[in-house]
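Below: the structure, in structure tokens.
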Amino acid sequence: MSTNAHAVDSATMSTPVFAPHAAEASRLPLRAALLRLTCFFALIAVLAWSANEIIGIGLRRLTTTHYGSWNAVMQGKVNADIVISGSSRAAYHYDPRIIEGVTGHSAFNLGRNGSQTDVQLAVLNAYLEHNRRPLLVIHNLDAFSFVPTSEIYDPALYVPYLNDPELYSSLTAIDPGLKKSRYIPLYGYVVEDMNFSWMLGVRSLLGVPPSERSFGGFTPQNRTWTDDFESYRKMHPDGVSFPVEHSGVDDFTQLIRTCEKNHIHLIFVYSPEYSEMQEMTTNRREIFAEFQKLSTTYQVPLWDFSSWKYDANRAYFYNSQHLNATGAELFSNDLAVRLSVWFAHQQQGTPEPGASVR
Amino acid sequence: MLFNSLEFAIFFPVVTALYFVLPHRWRVHLLLAASCCFYMAFIPVYILILFVTIGIDYCAGMWIEDADGRRRKLLLWLSILSTCTVLFIFKYYNFGIDSFTGLANALGWHISHRAASIILPIGLSFHTFQSLSYVIEVYRGRQKAERNLIVYATYVMFFPQLVAGPIERPQNLLHQFREPHGFEYERVTEGLKRMAWGFFKKLVVADRLALYVNDVYADPRSHSGLQLTIATLFFAWQIYCDFSGYSDIAIGAARILGFGLMENFNAPYYSRSTGEFWHRWHISLSTWFKDYVYIPMGGSRVPKFRHVINLLVTFAVSGLWHGANWTYVAWGALNGVYLVIGWLTASWRNQFFNAVGIGENTRVRRIIQWSTTLVLTCVAWILFRARNMADAWYVFTHLASGWNLHEIATAQFFLRQMPVAIGAILLLEIGQIATRRIPVMSLTGKLPTSARWAAYAAFVMTVLMLGIYRKTQFIYFQF
């Protein structure tokens, strides 16, 4: 290392180095200068607005991935008999192709990754606004179902449709920050969205859409067990608890009332969860007591798959909360068989035997 | 408030417009009010701490100038001690107690304590040092005491450089608040371009690389040697782009308002020695330590052994300035060791290179010097970034192990981000090299307006579309 020129041994006071000034140029009159600056920023605003519109058009044209599924919903192209709603556990667990094959009723998966009950309700309301009412809504339950949303996950999914009054009002009631995505160009696609979803919109317009990974809203997870649960368990040696918030319970009540108002049957399903995670949830009794209370009060069947025959087998999960594609296939079959029985009882007008509840 | 926030995008144009509309005599009041709003956007009540330090040093400056002899020196030390006490309480209290407790326990005296929940005020280290340089310069007779409280307070709180520098000297900045600054199109556009470049560095480069670095350094034991190496290299660019990007935005914003702030970075990763690196990295801080710590200790005008001590102490204290953690002290000390070894072995290395036929200014020698300096700097950054010494040691000892090309991505940084990240770094380096070798700005100035605006608009849209905006604070805010 050369030190002669730069050794730290000068005894003289340091001389600050200033940013070089622009070379002397003809000074623009103030009015002309302001006009130029205004025109330039106006150009940026126009470009941003144009890009926002182009991306929105591109995203609305997608027919693949979960964007394609959502577009089908908002464009009224679904009209299924059975709709599954819920979080990522709904999106990754319930295969509508299997349910359709076994029950003979069309099915669609409205599950939303990273969502809580409030957002799931908003999504269901949007579905009902644009599609004919289904016969049955299966709402997937989670241990964290009673926790309200603090921030909309995957906002780029909704930004192209924020001019839909119903969707806009229900989502901004949950996350008021979403208003900026409607009124500030590109805000929803670059500031709120971390996944560069805008590139999907551009690809769609260029005729190079992403490959299909979703089937009727269901996204199979071709993954194997990861180490996430072990890290999670180390971080929480005393277990975890999920709050039962009053607003979360209210969301469930609203969901039930929405289905009642639209004469839609509703079934709560607690889909499989890895057994060791169930043991880690310290307030599981409290959470299920609340599920049971809602089920009893509003006469909503509660199907609890907590004791699913494979819930201790890591081969069917990729983490403690989610089944992989193989596990989802097995579960969907089991669920579909039970649904067939339920439909048969409905047709005969006889009640189904009570659900098992832990 | 953060520069990369919607609030600042509204705040700055409004303040700038008001600044140029107001008569000159009211502008410093506007800047002070705006700076208060800027600072209170973080934790409002902590502005009281700023007011306390401003009050202490404002009075101290006047009293020092009016005093003489021993009283003058006493007032200087009282001011320094008072200001440093504020810094110590908010920044080093828990660190001091933890270190003392750890040492006591290691010696068999079992004592325990409850850590005080003290939140570090944003930018405390920066404005504290700026205030200290003011009283010291007044004491040395190189700066007249500022008798106008509004002007002095604005000097300390000037919002472009309030929370992360550059750490200004009173001789440079103070007088600028009394000078009228008219609206000049060329100066304003120069400032805007500087800000745009700063936002590119921060949003497109630094915050993107941070996704990878944060994942790996949060849990180094869960990542492979390849991931540790990539994270370490990425961190070198992350911290440079984060900090120099902030400085660019600060300098550009000040420029728009008519103020000239000092340069804080000068392409430090092109240095060919640690000494050169510290002339190019965080220039305002390194010159502050040189002028107020190193030279008063004797600098180089002391016996060799004492010179070595002066260098090591200066760098260790510089490390401690960065944070209340032994990793920062170790990082600073390591840089001091690099400098000392480089200085002590200079003549041997010269002889070696001459003996093998690699002359002083040959390309081969320059490449060897540059690459060695870069590697040593990156190794030192491990200490800076690691959460603790145990993590730092783990990273050091596992950089070369377990390289698995199929395990590159992390939880937040998908593989498809890698080309964008590397592309952004390349664009940065091309931009820096081009600017150093070609008068880019004057060449673009000769283009027709439509071509020029198209280039500028394309750059702005690139920053908008490829930036990461998830409310990431500038790294140096925590100092």
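Every number in this text was worked out from the coordinates using simple rules, so none of it is lab data. Source: prediction; values computed, not measured. Counting neighbours? That spans all protein chains shown, and the Cβs are built from the backbone with ideal geometry, glycine included.
Within chain B, which is the longest segment that contains none of the GluC sites (Glu not before Pro) sitting in a DSSP loop with at most 13 other Cβ atoms within 10 Å? It runs B:1-359. Across the range A:56-63, coupling constants 3J(HN,Hα) worked out from phi with the 6.51/-1.76/1.60 Karplus curve, θ = phi - 60°, read x, 4, x, 5, 5, 8, 5, 10 Hz, and Gly and Pro carry x.
Which of the trypsin sites (Lys or Arg not before Pro) found in the range A:62-170 are in a DSSP loop and have at most 15 neighbouring Cβ atoms, other than their own, within 10 Å? Intermediate results must be reported in sequence, preceding the final value.
Values: sites: A:K77, A:R89, A:R97, A:R112, A:R132; in loops: A:K77, A:R112, A:R132.
Passing sites in the range A:62-170 are A:K77, A:R132.
Using alpha carbons only, the radius of gyration of the protein assembly as shown set against its Kirkwood radius gives Rg/Rh = 1.02. Sparse packing (at most 13 other Cβ atoms within 10 Å of the Cβ) combined with a DSSP loop state is found for the following trypsin sites (Lys or Arg not before Pro) in the range B:334-410: B:R387.
With a/c under 1.5 counting as rounded, go ahead and sort the range B:187-466 into rounded, prolate or oblate using the C-alpha gyration tensor (a ≥ b ≥ c being the square roots of the eigenvalues; past the cut-off, prolate if a/b is larger than b/c, else oblate). Working shown, then result.
Numbers: a/c = 1.60, a/b = 1.21, b/c = 1.32.
Judged from the Cα gyration tensor, the range B:187-466 comes out oblate (a/c at least 1.5, b/c at or above a/b).
Evaluated with a Cβ-only charge set (Lys, Arg +1; Asp, Glu -1), the range A:110-191 carries a dipole of roughly 180 debye about its Cα centre, given to the nearest 20.
Report, as an integer, the average count of C-beta atoms from other chains found within 10 Å of each Cβ along B:176-188.
Mean partner shielding for this stretch: 3.
Helical runs assigned H by DSSP (4 residues or longer) give the protein assembly as shown a calculated mean residue ellipticity at 222 nm of -18500 deg cm²/dmol, each run adding -39500 (n - 2.57) before division by the residue total. In order along the range A:165-170, the Karplus-derived 3J(HN,Hα) couplings, from 6.51 cos²θ - 1.76 cosθ + 1.60 at θ = phi - 60°, round to x, 5, 5, 4, 5, 6 Hz, and Gly and Pro are given as x. Under 5 Å from the amide H of A:L266 lie the amide H atoms of A:V137, each residue being 5 or more positions distant or on a separate chain, with H modelled from the backbone and absent for Pro and chain starts. For the peptides B:394-402, A:138-146, B:305-313, the ranking by mean Cβ contacts within 10 Å, running from highest to lowest, is A:138-146, B:305-313, B:394-402. Using a ≥ b ≥ c from the Cα gyration tensor of chain B (square roots of the eigenvalues), is it rounded, prolate or oblate, where a/c under 1.5 gives rounded and otherwise the larger of a/b and b/c decides, a/b for prolate? Rounded, since a/c falls under 1.5. Around the Cα centre of the range B:216-329, unit charges on the Cβ atoms of Lys, Arg, Asp and Glu (plus for the first two, minus for the last two) sum to a dipole of about 440 debye.
Peptide B:459-468: average number of partner chain Cβ atoms within 10 Å per residue?
Mean partner-chain Cβ count within 10 Å for B:459-468: 4.
Extension gain for A:N163 to A:R60 (0.36 nm times residue separation, less C-alpha to C-alpha distance): 35.8 nm. Relative contact order for chain B: 18 percent, from Cα pairs under 8 Å spaced at least 6 residues apart, divided by residue count.
Rounded to the nearest 20 debye, the dipole magnitude of the protein assembly as shown is 3000 debye, with +1 charges on Lys and Arg beta carbons, -1 on Asp and Glu beta carbons, and the Cα centre as origin.
Lysine pairs in the range B:187-466 whose alpha-carbon atoms fall under 23 angstrom of each other, counting only those eight or more residues apart or on distinct chains, come to 4. Close amide H pairs (under 5 Å, H built 1.01 Å from N) link A:F317 with A:N324, residues at least 5 positions away or on another chain. Counting, for every residue in B:282-288, the Cβ atoms of other protein chains within 10 Å of its Cβ and taking the mean gives 2.
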